[in-house]
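K.L.:
Right, I'll just put the structure down here and ask away after.
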Amino acid sequence: MNTGIVRKIDDLGRVVIPAEMRRLLGIQEGDALEITMDGDHIAIRPRIPTVVKHITVDRTRTVELNGESVTLEPGEYTLERIQRKR
């Protein structure tokens, strides 16, 4: 899709993504967006969390996630993987 719409950046650096584009991509208020540099362009993509696993921890313990140690307190946790919407 190659749609061109011109928007101005406000004094706080914000730009409005047109409603039609948000609808087409399924972007809603509060969604996370990934903003990256692609050569001399700025790319903005939706990031969609995917639930990987629900776990319950009955006592404080340390687990390793993606090579990092994380201390979990007792409670319920949901592990999510962030993916780009294609």
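The values are calculated or read from the model by the stated rules, or taken from the named source; none is laboratory data. Treat the numbers as computed from the prediction; the structure is a model and nothing was measured. Heads up, the Cβs are rebuilt from the backbone with ideal geometry, glycines too, and the neighbour counts pull from every protein chain shown. Side chains are part of the model used for accessible areas, which takes the heavy atoms of the whole protein and leaves out ligands, DNA and RNA. Shrake-Rupley method; radii C 1.70, N 1.55, O 1.52, S 1.80 Å.
K.L.:
Quick one: with all protein chains in place, what share of the accessible area of region 1-61 is carbon or sulfur, to the nearest percent (1.4 Å probe)?
P.N.:
Heavy-atom surface of region 1-61 belonging to carbon and sulfur, 1.4 Å probe: 52 percent.
K.L.:
Volume per residue, Å³, of the convex hull around the alpha-carbon atoms of the chain?
P.N.:
171 Å³
K.L.:
So, with +1 on the Cβ of K and R and -1 on the Cβ of D and E, and no other charges, what is the size of the charge dipole of the chain about its Cα centre, to the nearest 20 debye? Before the final figure, lay out the partial values.
P.N.:
Details: 14 positive and 14 negative charges, 76 e Å.
So the magnitude is around 360 debye.
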